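Here's the structure we're looking at; comments come further down.
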Amino acid sequence: MTDTGPTPARLPAERGAIVTVIGESLVDVIREAGRTTPARVHAGGSPLNVAVGVARLGFASNLVTHYADDQYGLMIEEHLQSNGVTVIRGGSAPTSTATATLGARGAAAYAFDISWDLAGATLPALAAVETSSHVHAGSIGALLGPGDQAVLGLLEAAGEGATISYDPNCRPAISPDVTAARTRAERFVAASDIVKASDEDLAWLYPDRSPEESLAAWLELGPSIAALTRGAAGPVIITRRARIEMQAEPVTVADTEGAGDSFMAAVIAGLAQLGTLGAAGRQRLQTLGTDELHALAAYANRAGGITCSRPGADPPHTTELGPLSAAAPVR
């Protein structure tokens, strides 16, 4: 799919960051429940959406992923190239698909045909993470074998040179064993500086406590900052020193597809603007003040709102969102 939005503005080099995202690419087939209109087909996958979102917000973005040289794979490749994302591709299976059926309020229910393997991409992937300021992983790529172990190994290889973020973006239909999924998720949380999850993710992983209690427990495993998205209730961001909560953006919702990924991309881009990514920024990440966290939450919240206001996983560009300090309501 060719992107028809404006070319993403690039921030000055001194404010830039090289972000490497690791995880699945797939094609979303979007159907509306109870309607006979043709399905919409476009490139997707949570990590792909994050990589595109980061690039659209002005930062150099790599994606370590898998897709094949088939019809759907060519669609993915065109989408990534048109958004300026550098691709490192492994595996040999057909391109994965996710069929999303949208309910009356725009929420999506998914069915998957997924393969996840990074075979053949080890050396270029290692080179990417070892030279990046920040590495992000999550979703199916962090849960589904055999690629999940490769993803964890790449995070470990990033070492102290890069900050790490993780978003489980849980898919019970793919990984129904909640105990195993919880164990895997906590390994990634412990390896991360920044974690983000939805209330649905945490309610599934930890049904015996509230999502915010689970988020706080994740913070105790090692991350410096943890974010919770709660749909219409809005986000919560916590650190060991502060807690920020705000209402969701008041937008007319087209659908919610990709909203959490846009939020995650904006968290990464916002933290880059605050100078908290990479080895040089890690200490500052640990001491962010309330005003900075509020600006970060507003920036990411607005990014998610813009995505909700239009169909599909269509993250905002810098020209729409503006810089971190200028986060303002969607009009």
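The values are calculated or read from the model by the stated rules, or taken from the named source; none is laboratory data. Only a predicted model underlies this, so the values are computations on that prediction, with no experimental measurement involved. All Cβ positions, even for glycine, are placed from backbone atoms using ideal geometry, and neighbour counts span all protein chains on display. Side chains are part of the model used for accessible areas, which takes the heavy atoms of the whole protein and leaves out ligands, DNA and RNA. Shrake-Rupley method; radii C 1.70, N 1.55, O 1.52, S 1.80 Å.
Does residue 217 fit the bill of being more than 16 Å from residue 142 (Cα to Cα) and in a helix (DSSP H, G or I)? Answer is yes for this residue. For the range 4-17, the criterion of being at pLDDT 80 or above and crowded, with 24+ Cβ neighbours inside 10 Å is met by none of the residues. The residues listed here are 242, 226, 203; of these, the one that is more than 20 Å from the chain's Cα centre (by Cα) and of a type in the set (A, V, I, L, M) is 242. When residue 260 is tested against the conditions (1) modelled with pLDDT of 95 or more; (2) out of contact with any Lys or Arg (no Cβ under 9 Å at 6 or more places or on another chain); (3) open to solvent by 10 Å² or more (accessible area, probe 1.4 Å); (4) within 19 Å of residue 218 (Cα to Cα), the lone failure is (2).
For residue 311, state whether it is assigned to a loop (DSSP other than H, G, I, E, B) and open to solvent by 10 Å² or more (accessible area, probe 1.4 Å). Yes.
Residues that are within 20 Å of the chain's Cα centre (by Cα) and within 13 Å of residue 298 (Cβ to Cβ) were ranked within the range 247-257; the one that is surrounded by the most Cβ atoms within 10 Å (Cβ to Cβ) is 249.
Among the strands (runs of 3 or more DSSP E) confined to the range 21-123, the ones with at least 2 residues that are open to solvent by less than 40 Å² (accessible area, probe 1.4 Å) are located at 26-32, 40-44, 60-65, 85-89, 96-102. If you filter the range 171-200 down to residues that are part of a helix (DSSP H, G or I) and over 19 Å from residue 155 (Cβ atoms), you find that the one that is most open to solvent (accessible area, probe 1.4 Å) is 200. What are the residues in the range 276-308 that are more than 12 Å from residue 224 (Cα to Cα), among the β-branched types (Val, Ile, Thr) and open to solvent by 50 Å² or more (accessible area, probe 1.4 Å), if any? Listed by number, the list holds a single entry, 290.
Restricted to the range 321-331, and to residues that are in a helix (DSSP H, G or I), in contact with a helix residue (DSSP H, G or I) (Cβ under 8 Å, 6 or more places away or on another chain) and open to solvent by less than 60 Å² (accessible area, probe 1.4 Å), which residue is modelled with the highest pLDDT?
We begin by selecting, within the range 321-331, every residue in a helix (DSSP H, G or I); these are 321, 324-326.
After this cut, where a residue has to be in contact with a helix residue (DSSP H, G or I) (Cβ under 8 Å, 6 or more places away or on another chain) as well, the list is 321, 324-325.
Now restrict to residues that are open to solvent by less than 60 Å² (accessible area, probe 1.4 Å): 321, 324.
Details: 321: 94, 324: 89.
So the residue we want is 321.
Working only within the range 211-239, note down all residues that are without any contact (Cβ under 8 Å) to a residue 24 or more places away in the chain and open to solvent by 50 Å² or more (accessible area, probe 1.4 Å). Scanning the range 211-239 gives 213, 220, 232.
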